[in-house]
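The values are calculated or read from the model by the stated rules, or taken from the named source; none is laboratory data. Values in this document were obtained by computation on a predicted structure and should not be read as measured data. Note that we place each Cβ from the backbone using ideal geometry, even for glycine, and neighbour counts take in every protein chain shown.
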Amino acid sequence: MNKDPRETLSTLMDGECTPPQIRDALPDLLEHAELRARWESYHLIGQAIRGEPLRGGARAIADGLQARLAEAGASPPPANVRALPGRGARARLSRVPHARLLPPVATALAASLALLAVFVLPLDPADEDRQLAERAGPMAIPAPALVADTPGESRWQNTDPVLRAKLDHMLVSHHERVPAPRMPGYVSYASVVGHEARR
Amino acid sequence: MKRAANMHAALAAGAAVFLALAGTWSAAAPARSEASRESSPERLLSRMTQAQSQLEYEGTLVYLHGRQLSTLRIAHRIDDGQWRESLLALTGPVRAVARSDRGVTCMLPDSRTISLPSADGGSTLLPSGPFDFDRIRSHYLLRSLGQSRVAGRDTDVVGIVPLDNYRYGYRFFIDQSTGLALKIDLMDNASDPIEQVMFTDVSIERDNVEQVPIHSPAAGAHAPRATQSAGTASDSSAHGDWRLTALPPGFRVVMHGAGPDPSADGGTRHIVVSDGLASLSVYIEPAGQDGLNGATRMGATTAVGRKIAGRQVTVVGEVPESTALMILDGLQPSAD
């Protein structure tokens, strides 16, 4: 990259990169830890500015959220996973309760944690990042969506960001390590990055 | 037996529908060229595999699943014999993948950046491996489906139709000039597309410079290369402390070894099962880990999981749910 990688990153996030710039910049950006962290930070700020659900799993917020919610007496968010039909252990496991509504206290706590994540926690907290968020003015953050996207629209049809991240990791590993005859690489990864929750 | 008979009847009907639809579609396509009439599906697919690893290209892809449509930008480059590929989602939250012979780095909405080194250190593993046609023909029909145009380029179309309900079918639209796959459809047993990936524009820089030749694949010469311990076709093969007691027809273990440690605690075992075309991974995590309890999917990818003998087991792959479930149900600790 000829220009400052941070500038390139901002251009990329703004959707202003030309195809050749994307081609040249993307591999470098993804290979540098500092730029990846900055990307995550930009991403989080962008979501907050647009009032989108904050996906805590990306920044290890989810673990903290779940722990705090457990302390508040709330169960984890409902995982929109179909129980396997059938027999023995599978049937017993399917009886585990997992669909409860978040109590108001837990929801408020989740909102507080997410705001804390945006403004206080050291998520590669470059000063300009925070300034950018602050300049954006009031943010409409839908608190209940902090831990759950709309059911049926999430990756893996699931509302638990930790589980989604785990399945993503397994899927990427599967595509990368399978030694059997494969589709062209872009096909496998098009399905990985092609999915998105509706805005 | 009755179940098998019903399955074969359903498959025959499905295959007939698939080919009928394909035939209807191909009838509207331009007349076949002399060259493509001489191109067998095997030759076209082999050429496609070669092109994937030899050509440089850049373009815009659309990914369609159900009613969801995403646009992606792809660049595939080869510098000094080393390939690099990047894929960036142009719609929705920023998602990106960068791959090379050193491994893959992936940025997704829910996770920290996923970085995995290439399974064999990057020295020999290609972005895509060759096809083992002898094996594939045991469970799929290979058919030429005529020609079509994709991204303004003429393509030959090859269909791979499953002979049972344990696997999906495919349609490849292969660029006549370069061999690059410009559109790939993944089809279910009702011949309906589950996922479609298609170039809307593409620039192939080595087009007409280093054209990938069409050649006949050597029979039996395309066995998949295992990067770790190679398994056998046994239905009850042991892999470490675990046994797979039931595998769908044609599937066998092609790799087993240490996993990517998605739990970050180490000790995850990874078993890969394949029929020569479709594949799935079995992840057996250390005790104390939680994970998927039930079945879910993302596009054509199925994931099923539950606890077995106190260990979280997750099966992930582009196969029907029944196939993944059969493997999950057949997994047992060897000590039993």
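Could you please give the count of residues in the range B:267-289 that are more than 15 Å from B:MET255 (Cβ to Cβ) and in contact with a Pro (Cβ under 8 Å, 6 or more places away or on another chain)?
The number of residues fulfilling the criteria is 3.
Assess whether B:VAL157 counts as being of a type in the set (Val, Ile, Thr) and more than 16 Å from the chain's Cα centre (by Cα).
yes
Name, by its number, the condition in (1) modelled with pLDDT of 90 or more; (2) part of a strand (DSSP E or B) that does not hold for B:ARG77.
Every condition holds for B:ARG77 apart from (1).
If you take the residues in the range B:55-67 that are in a strand (DSSP E or B) and under 20 Å from the mean Cα position of the chain (by Cα), which one is nearest to the other protein chains (Cβ to nearest Cβ)?
B:TYR63
For the range B:161-176, give me each residue that is over 16 Å from B:PRO41 (Cα atoms) and of a type in the set (S, T, N, Q).
The answer is B:ASN165, and nothing else.
Looking at (1) in contact (Cβ under 8 Å) with a residue 12 or more places away in the chain; (2) touching a His at 6+ places or on another chain (Cβ under 9 Å); (3) not basic (Lys, Arg), which is the only condition B:VAL315 fails?
For B:VAL315, the exception is condition (2).
Of all residues in the range A:133-180, how many are of a type in the set (A, V, I, L, M, F, W, C) and either modelled with pLDDT of 85 or more or part of a helix (DSSP H, G or I) (or both)?
Adding up the residues that qualify gives 12.
On the given criteria, is B:LEU72 at the interface with chain A (Cβ under 7 Å from one of its Cβ atoms), out of contact with any Ser or Thr (no Cβ under 8 Å at 6 or more places or on another chain), hydrophobic (A, V, I, L, M, F, W, C) and buried (at least 19 other Cβ atoms within 10 Å of the Cβ)?
For B:LEU72, the condition - at the interface with chain A (Cβ under 7 Å from one of its Cβ atoms), out of contact with any Ser or Thr (no Cβ under 8 Å at 6 or more places or on another chain), hydrophobic (A, V, I, L, M, F, W, C) and buried (at least 19 other Cβ atoms within 10 Å of the Cβ) - is not met.
(1) under 24 Å from the mean Cα position of the chain (by Cα); (2) outside any loop (DSSP other than H, G, I, E, B): which one isn't true of B:GLN332, the others all being true?
Condition (1) is where B:GLN332 drops out.
I'm told B:LEU116 meets every condition in (1) at the interface with chain A (Cβ under 7 Å from one of its Cβ atoms); (2) surrounded by fewer than 20 Cβ atoms within 10 Å (Cβ to Cβ); (3) modelled with pLDDT of 80 or more; (4) more than 19 Å from the chain's Cα centre (by Cα) except one. Can you identify the failing condition by its number?
Among (1) at the interface with chain A (Cβ under 7 Å from one of its Cβ atoms); (2) surrounded by fewer than 20 Cβ atoms within 10 Å (Cβ to Cβ); (3) modelled with pLDDT of 80 or more; (4) more than 19 Å from the chain's Cα centre (by Cα), B:LEU116 violates only (4).
In the range B:306-315, which residue that is more than 9 Å from chain A (Cβ to nearest Cβ) and buried (at least 19 other Cβ atoms within 10 Å of the Cβ) is nearest to B:ARG67 (Cα to Cα)?
The extreme case among them is B:VAL315.
Of everything in the range B:119-150, what is closer than 30 Å to A:ARG23 by Cα and modelled with pLDDT of 70 or more? Give them in sequence order.
Of everything in the range B:119-150, those that are closer than 30 Å to A:ARG23 by Cα and modelled with pLDDT of 70 or more turn out to be B:PRO130, B:PHE131, B:SER148, B:ARG149, B:VAL150.
Return yes when B:THR105 is in a strand (DSSP E or B) and more than 7 Å from chain A (Cβ to nearest Cβ) and no when it is not.
So B:THR105 does not fit the description; no.
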